[in-house]
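The values are calculated or read from the model by the stated rules, or taken from the named source; none is laboratory data. None of the values given here were measured: they were computed from a predicted structure. Cβ placement follows ideal geometry from the backbone for every residue including glycine, while neighbour counts extend to all protein chains displayed.
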């Protein structure tokens, strides 16, 4: 049962195997993975710990958000199934790592550029990566 911030609690959908832009079906619904879930200061308040946000990020188990592409019926026993994924998509864990990495290396620059091509990634994330790329290549 979800306890804090979840709409779905899953087993086996890990951030390193789920890709931003990936389309998943569950029941008769279809969703697309849009972005990692990032902790905010409220997590620290909830657990009464200033270290909680850092611990959450270090766990690499941040979760992710999805957008509904096709409404449908979903039951508790329904399983998520991968429908489609762009070949240039990026794992949720890589997007999160790029977000928190202080200095980009060559591989990071390539991943950030690839992330910009993902239609499902929100504009705010694309703007963040565009700014990071501008600062990294100056």
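Please determine whether any residue of the stretch 35-58 is modelled with pLDDT of 90 or more and surrounded by 12 or more Cβ atoms within 10 Å (Cβ to Cβ). Checked against the condition, which is being modelled with pLDDT of 90 or more and surrounded by 12 or more Cβ atoms within 10 Å (Cβ to Cβ), the stretch 35-58 yields at least one hit.
The residues listed here are 88, 78; of these, the one that is surrounded by fewer than 18 Cβ atoms within 10 Å (Cβ to Cβ), on the phi < 0 side of the Ramachandran plot and touching a helix residue (DSSP H, G or I) at 6+ places or on another chain (Cβ under 6 Å) is 88.
If you go through the stretch 79-93 and keep only what is touching a residue at least 40 places away in the same chain (Cβ under 8 Å), closer than 12 Å to residue 22 by Cβ and not in a helix (DSSP H, G or I), you end up with 80, 81, 82, 83, 84, 85, 86, 89, 90, 91.
Can you spot a residue in the stretch 94-110 that is touching a residue at least 40 places away in the same chain (Cβ under 8 Å), surrounded by fewer than 17 Cβ atoms within 10 Å (Cβ to Cβ) and more than 24 Å from residue 55 (Cβ to Cβ)? No; the residues of the stretch 94-110 include none that is touching a residue at least 40 places away in the same chain (Cβ under 8 Å), surrounded by fewer than 17 Cβ atoms within 10 Å (Cβ to Cβ) and more than 24 Å from residue 55 (Cβ to Cβ).
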